[in-house]
1. Tell me which residues, restricted to the stretch 172-184, are outside any strand (DSSP E or B) and crowded, with 20+ Cβ neighbours inside 10 Å.
2. Going by the conditions given, is residue 18 within 38 Å of the chain's Cα centre (by Cα) and not assigned by TED's automatic domain parsing to the domain that holds residue 121?
3. Test of understanding: among 321, 262, 266, which residue is exposed (fewer than 15 other Cβ atoms within 10 Å of the Cβ) and at pLDDT 85 or above?
4. What number of residues in the stretch 63-74 are touching a residue at least 24 places away in the same chain (Cβ under 8 Å) and loosely packed, with under 12 Cβ neighbours inside 10 Å?
5. Within the stretch 269-287, take every residue that is surrounded by 15 or more Cβ atoms within 10 Å (Cβ to Cβ) and either on the phi > 0 side of the Ramachandran plot or over 39 Å from the mean Cα position of the chain (by Cα) (or both) and give me the one that is modelled with the highest pLDDT.
6. Quick one: which strands (runs of 3 or more DSSP E) lie wholly within the stretch 278-359 and hold at least 2 residues that are free of Cβ contacts under 8 Å to residues at least 12 places away in the same chain?
7. Would it be correct to say that residue 295 is farther than 25 Å from residue 187 by Cα, under 38 Å from the mean Cα position of the chain (by Cα) and exposed (fewer than 15 other Cβ atoms within 10 Å of the Cβ)?
8. Please give the number of the condition residue 248 fails out of (1) at pLDDT 90 or above; (2) surrounded by 13 or more Cβ atoms within 10 Å (Cβ to Cβ); (3) under 29 Å from residue 179 (Cα atoms).
């Protein structure tokens, strides 16, 4: 009697453990990175009441008689199924979409490592990305140019980081030159460039129709945006004094300067060295007592390049509105880090006050 009661009670005890696990699953329904448990049952060894016998003569054998002794817990398994994502609007909250773990450490040398699926990270006062328990999140740092390095380190975001200015070295033109305008009609086009110190200047280009299928592009003025000083002495500032753009009967660009786009292999057209310029006019048009030179240095600025199709395509001459203008140019002033985001690859991308972005590191 006692044995039968024990067997029955053993099942109740295991069911109690299963209920405990289920209750724990429910209690942690909002725990970040929690993985539910699952209980399995197994049979306890049976007690042999009578052993088996082999056949003898004309008598057959008999099977053993066994009495089960109840149930026992087989295992409590952790189910690693990915849970649903939840929007938090916190840039340091992360979730792994698929397999894998975040790697964290409390060791200054990062030798003692732990693994977690909980991505509710934050920044400490030093800018380290840490878990709720203060363990540092590991990954790879980036160099000054945003290239990801290979040495494992902790992810640190320095909100006082600055980005050096970048001098402009490319201006790409796009748009339509209206075939309906008269020969001699022209239009001025402004764009902004930067020198090595981040000073900004306005380049004023002039595009003039010179024939049925030809236009001339020239640089008519350079203005220092901080002082308003400018120069109109721009002869020879292009690699040619003026640059001819030639189109066919279908409005397709077929020639730039002395280059036939269908025949040539390689060519570049750029502005001459802008470091040779001096400003001779004040912002109100008065003559300056002495010419003023730019404080920073300039890079060679490419306008057209046969190895970069973007600098050539997109310029047309159709009977449509005039839309020819600088489409894209690089260069920028200096900037300080004002924010960051972590993309789908785990790369921490810094956003600077000058509008530029740069990789700051990558999470393992």
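1. Narrowing the stretch 172-184 to residues outside any strand (DSSP E or B): 177-184.
Passing the criteria: only 177.
2. Details: within 38 Å of the chain's Cα centre (by Cα): no; not assigned by TED's automatic domain parsing to the domain that holds residue 121: yes.
In short, no.
3. Numbers: 262 fails: at pLDDT 85 or above; 266 fails: at pLDDT 85 or above.
Every option except 321 fails the conditions.
4. Residues flagged as touching a residue at least 24 places away in the same chain (Cβ under 8 Å) and loosely packed, with under 12 Cβ neighbours inside 10 Å within the stretch 63-74 amount to 1.
5. First, pick out the residues of the stretch 269-287 that are surrounded by 15 or more Cβ atoms within 10 Å (Cβ to Cβ): 269-272, 274, 277, 279-282.
Next, only the ones that are either on the phi > 0 side of the Ramachandran plot or over 39 Å from the mean Cα position of the chain (by Cα) (or both) stay: 279-282.
Values: 279: 88, 280: 88, 281: 89, 282: 92.
Within the stretch 269-287, the match that is modelled with the highest pLDDT is 282.
6. Numbers: elements: 279-281, 287-292, 302-305, 325-329, 335-342, 347-352.
Fully inside the stretch 278-359 and qualifying: 287-292.
7. Values: farther than 25 Å from residue 187 by Cα: yes; under 38 Å from the mean Cα position of the chain (by Cα): yes; exposed (fewer than 15 other Cβ atoms within 10 Å of the Cβ): yes.
So residue 295 fits the description; yes.
8. (2)
The values are calculated or read from the model by the stated rules, or taken from the named source; none is laboratory data. Quick caveat: nothing in here was measured; it's all calculated off a predicted structure. Virtual Cβ from ideal backbone geometry, glycine too; neighbours counted across all protein chains shown.
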